[in-house]
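Inspection log for the structure reproduced underneath, given as structure tokens.
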Amino acid sequence: QVHVVESGGGLVQAGGSLRLSCAASGRTDSRYTVGWFRQAPGKEREFVAAISWAGSTIRYADSVNGRFTISRDNAKNALYLQMNSLKPEDTAVYYCATTSSPIINTSAGNFDTWGQGTQVTVSS
């Protein structure tokens, strides 16, 4: 099983940028799809972005498309989320998650390994 730990969250003003990182350990020799989800207070956990093992398939939520960029470095067992033009509505706890499925499904139920989350707060 793959284990993941997120980092890079913080407080930023609207229009600013943050880069989240996700470090993987454990069965990193297996191929896995990786995704980012977020959950704001009182709201459901929602899909943000996901990337396949080889990076050939990437999906974004409509709300972040064009502002966020997901990437991965398999040699370093690392996943990244570059977030630009941040808005107050991007405020949430951001989670890294993995699945052994090669098909990207935006439902949280399809991801079986989760990190503890990192807080992102965007002030207006």
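Could you please give the count of residues in the stretch 51-77 that are touching a residue at least 12 places away in the same chain (Cβ under 8 Å), in a strand (DSSP E or B) and either open to solvent by 20 Å² or more (accessible area, probe 1.4 Å) or farther than 26 Å from residue 11 by Cβ (or both)?
7
Residues to consider are 49, 40, 24; find the one that is out of contact with any Lys or Arg (no Cβ under 6 Å at 6 or more places or on another chain), modelled with pLDDT under 95 and of a type in the set (Gly, Ala, Ser).
24
Considering only the stretch 83-107, state which residues are closer than 18 Å to residue 57 by Cβ and in contact (Cβ under 8 Å) with a residue 12 or more places away in the chain.
96, 97, 98, 99, 100, 101, 102, 103, 104, 106, 107
Within the stretch 93-124, restricting attention to residues that are out of contact with any Asp or Glu (no Cβ under 8 Å at 6 or more places or on another chain) and over 15 Å from residue 35 (Cα atoms), which residue is most open to solvent (accessible area, probe 1.4 Å)?
Result: 124.
The values are calculated or read from the model by the stated rules, or taken from the named source; none is laboratory data. Everything numeric here is computed off the predicted structure, so don't read it as measured data. Every residue, glycine among them, receives a Cβ derived from its backbone with ideal geometry; neighbour counts consider all protein chains shown. Side chains are part of the model used for accessible areas, which takes the heavy atoms of the whole protein and leaves out ligands, DNA and RNA. Shrake-Rupley method; radii C 1.70, N 1.55, O 1.52, S 1.80 Å.
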